1. For volume of the Cα convex hull per residue in Å³, the choices are [x] 86; [y] 140; [z] 96; which was calculated from the structure?
2. Give me the percent of the accessible area of the chain that comes from carbon and sulfur atoms, probe 1.4 Å, all protein chains in place.
3. Per residue, what accessible area does the chain have, given a 1.4 Å probe and all protein chains present, in Å²?
4. Give the cross-link partners of residue 30 among the lysines, using a straight C-alpha distance below 22 Å as the criterion and excluding same-chain residues fewer than 8 apart.
5. Under 10 Å, Cα contacts only: if you run a Gaussian network model on the chain, which one of 37, 28, 63 comes out with the highest mean-square fluctuation?
6. So which aspartates and glutamates can residue 73 reach, going by Cα to Cα under 13 Å and dropping same-chain residues fewer than 8 places off?
7. Given a Förster distance of 35 angstrom, what is the FRET efficiency for residue 58 paired with residue 34, based on the Cβ-Cβ distance and rounded to 0.05?
8. For the chain, return all DSSP H helices satisfying: extent of Cα atoms along own axis at least 15 Å; mean Kyte-Doolittle hydropathy at least 0.0.
Amino acid sequence: MSHEVKLPLSEYVMITVQRYFDHLEGDLPKDLHALVLMEVEKGLFKVVMERARGNQCLASKMLGLARNTLRSKLEKYQLFD
């Protein structure tokens, strides 16, 4: 069992956004809110679909979304197998 410190998800988001700013090297981001939401959502759906072994009904339950909503998000992010 790992002894690493478990951070709240928000801390991982903050660390990642800080790294993103660091890579911009002083440039200002554009549409950062939309970009972060899109990237987080895409990653979330990809991981959940892997954990659900492609079972959309199970994934929709895990996410708390209607199956049709999940399907439209999978299409949006081109995550269909």
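1. Label of the calculated value: [y].
2. Result for the chain: 56 percent of the exposed heavy-atom area is carbon or sulfur.
3. It amounts to 85 Å² per residue over the chain.
4. 42, 76
5. 28
6. Within the straight-line cut-off, residue 73 pairs with 39, 41.
7. The calculated FRET efficiency here is 0.75.
8. Membrane-span-like by this rule: 9-24, 32-51.
The values are calculated or read from the model by the stated rules, or taken from the named source; none is laboratory data. Note that the structure is predicted; figures quoted are calculated from it, not measured. For neighbour counting, all protein chains shown are included, and Cβ atoms are generated from backbone atoms with ideal geometry for every residue, glycine included. Quick note on the areas: whole protein, heavy atoms, side chains included, nothing else; ligands and nucleic acids left out. Shrake-Rupley method; radii C 1.70, N 1.55, O 1.52, S 1.80 Å.
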